[in-house]
Amino acid sequence: MSPNRPQPRPQARPQPRAGVLDIDPYVPGKSAAPGVARVFKLSSNETPLGPSPQAKAAYLKVAEHLEDYPDGSARPLREAIGRAFGLDPNRIVCGAGSDDLLNLIADAYLSDGDEAIHTTHGFLVYPIATLGSGAKPVVAAETNFTADVDAILAALSPHTKIVFLANPNNPTGTYIPFNEVKRLHQGLPPNVLLVLDAAYAEYVRRNDYESGIELVATSENVVMCRTFSKIHGLAALRLGWLYGPASVVDAINRIRGPFNVNAAALAAGIAAIEDSAHVEASRAHNETWLAWLTEAIGKLGLEVTPSVANFVLIHFSATPGKTAAEADTFLSARGLILRRVVAYHLPNCLRMTVGGEEANRLVVTALTEFLGKKA
């Protein structure tokens, strides 16, 4: 360096990489209503049936050996998942929730100057993971709150490295059929990784839906992510898994933490996935009450986006006295906690998890009262 060239002034403190300070931190659904004795939390898509009793028993048993490190490869859990879905355990990676895996994918396949596509109302972790890896999030418009394959393909550029697709999508509850997923894949260059986020797959009751297992099995650039947080009721333990091509699995295993899944989560996960009766009971409960809520809330004059997941997206009026913000305040005062979705570019909507019978009926009763108020 020339001695006459001005030297860069040192920063006053360490600086994060470009893009990190552009991230809007993820804010979970609220869980409390100050001053309210009894609260029904319907803001985080948790199952009202809770986890399998077998999973709870397996979790408690781990307490006898807390001094031992967990299996760093999560092999027993990967083998249990493989048995449940007919998959090669060597093509499965487990993580601390599917969020962990989504971030690992971004870290492994994105760098400065790259782009990753997600849809307008897609899961907030997608842009967070993208920016955290130094890449640029690109938004593809949705149609009727549903992913639009043509819009995603139109958003491709030479810099695109990942396409994130939540199917079903959170927070809208919509999905695209498998033939559309295949059409999307066929339109992607072979160097672009399609990430199918199927966190709510177990709830879907549609003949034209597939979680993505078949596409992963026959492709080199598709990954499917799943979670134990929803239908299995293990959200507190943070447990997820992905199924992918051998090359992707190898890359992710090289950068993940050596013990990124704790022993209690591993044990509970094995028991949960083997308790098919509990999964079916949760699915049946959701099917009944998802339909009931959609019809009951619709009869109040509120639009409900058709959902195949375990939640509904409720659209409110822009009329003062009838807005989503005011509805949220009204419901919270009665211990009914729904999710504001302003961060998802849905400022006048609330997302409601399908709860137990009492909670579901209380929300509809409270909404009836709210809408009957004078503006």
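Out of the residues in the range 299-325 that are out of contact with any strand residue (DSSP E or B) (no Cβ under 6 Å at 6 or more places or on another chain) and without any contact (Cβ under 8 Å) to a residue 24 or more places away in the chain, which is surrounded by the most Cβ atoms within 10 Å (Cβ to Cβ)?
325
For residue 349, which of the numbered conditions (1) open to solvent by 10 Å² or more (accessible area, probe 1.4 Å); (2) under 17 Å from residue 44 (Cα atoms); (3) in contact with a helix residue (DSSP H, G or I) (Cβ under 6 Å, 6 or more places away or on another chain) fails to hold?
So residue 349 meets the others, but not (1).
Do you know which residues across the range 200-236 are farther than 16 Å from residue 78 by Cα, in contact with a Phe, Trp or Tyr (Cβ under 7 Å, 6 or more places away or on another chain) and among the aliphatic types (A, V, I, L, M)?
204, 216, 231, 234, listed by residue number.
Do we have any residue at all in the range 156-173 that's in contact with a strand residue (DSSP E or B) (Cβ under 9 Å, 6 or more places away or on another chain), within 29 Å of residue 342 (Cβ to Cβ) and aromatic (Phe, Trp, Tyr)?
yes
Results for (1) outside any helix (DSSP H, G or I); (2) open to solvent by less than 10 Å² (accessible area, probe 1.4 Å); (3) at pLDDT 95 or above, shown as yes or no for each residue.
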{"site": "81", "(1), (2), (3)": "no, yes, yes"}
{"site": "87", "(1), (2), (3)": "yes, no, yes"}
{"site": "93", "(1), (2), (3)": "yes, yes, yes"}
{"site": "116", "(1), (2), (3)": "yes, yes, yes"}
{"site": "130", "(1), (2), (3)": "no, yes, yes"}
{"site": "134", "(1), (2), (3)": "yes, no, no"}
{"site": "137", "(1), (2), (3)": "yes, no, yes"}
{"site": "153", "(1), (2), (3)": "no, no, yes"}
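Could you give me the residue pairs with C-beta distances under 8 Å whose first residue belongs to the range 97-113 and is in a helix (DSSP H, G or I), whose second residue is surrounded by 24 or more Cβ atoms within 10 Å (Cβ to Cβ) and among the acidic types (Asp, Glu) wherever it lies, and which are 6+ apart or on separate chains?
98/197; 102/197
Could you list, ordered by first residue, the pairs with Cβ atoms under 6 Å in which the first is in the range 1-28 and under 23 Å from residue 134 (Cβ atoms) and open to solvent by less than 100 Å² (accessible area, probe 1.4 Å) and the second is at pLDDT 70 or above and part of a loop (DSSP other than H, G, I, E, B), at least 6 apart or interchain?
19/134; 26/124
Which pairs have Cβ atoms under 6 Å, sit 6 or more apart or on different chains, and link a residue in the range 225-242 that is without any contact (Cβ under 8 Å) to a residue 12 or more places away in the chain to one that is surrounded by 23 or more Cβ atoms within 10 Å (Cβ to Cβ)?
Close Cβ pairs satisfying both conditions: none exist.
If residue 296 satisfies all but one of (1) surrounded by fewer than 22 Cβ atoms within 10 Å (Cβ to Cβ); (2) under 25 Å from the mean Cα position of the chain (by Cα), what's the number of the condition it fails?
(2)
Somewhere in the range 335-346, is a residue open to solvent by less than 40 Å² (accessible area, probe 1.4 Å), hydroxyl-bearing (Ser, Thr, Tyr) and under 21 Å from residue 371 (Cβ atoms)?
Going residue by residue through the range 335-346, those that are open to solvent by less than 40 Å² (accessible area, probe 1.4 Å) are 335-339, 341, 344, 346.
Filter once more, so that each one left must be hydroxyl-bearing (Ser, Thr, Tyr): 344.
Filter once more, keeping what is under 21 Å from residue 371 (Cβ atoms): none.
No, that holds for no residue.
So which of 58, 33 is crowded, with 17+ Cβ neighbours inside 10 Å, closer than 26 Å to residue 356 by Cα, at pLDDT 95 or above and touching a helix residue (DSSP H, G or I) at 6+ places or on another chain (Cβ under 8 Å)? It would help to see each step written out before you state the result.
Values: 33 fails: at pLDDT 95 or above.
Residue meeting the stated conditions: 58.
The values are calculated or read from the model by the stated rules, or taken from the named source; none is laboratory data. Owing to the predicted nature of the structure, the values given are computational and were not obtained by experimental measurement. FYI the Cβ positions are ideal-geometry reconstructions off the backbone, even for glycines, and counts take in every protein chain you see. The protein model used for the area step is the full one, side chains on, heavy atoms only, and it has no ligands, DNA or RNA in it. Shrake-Rupley method; radii C 1.70, N 1.55, O 1.52, S 1.80 Å.
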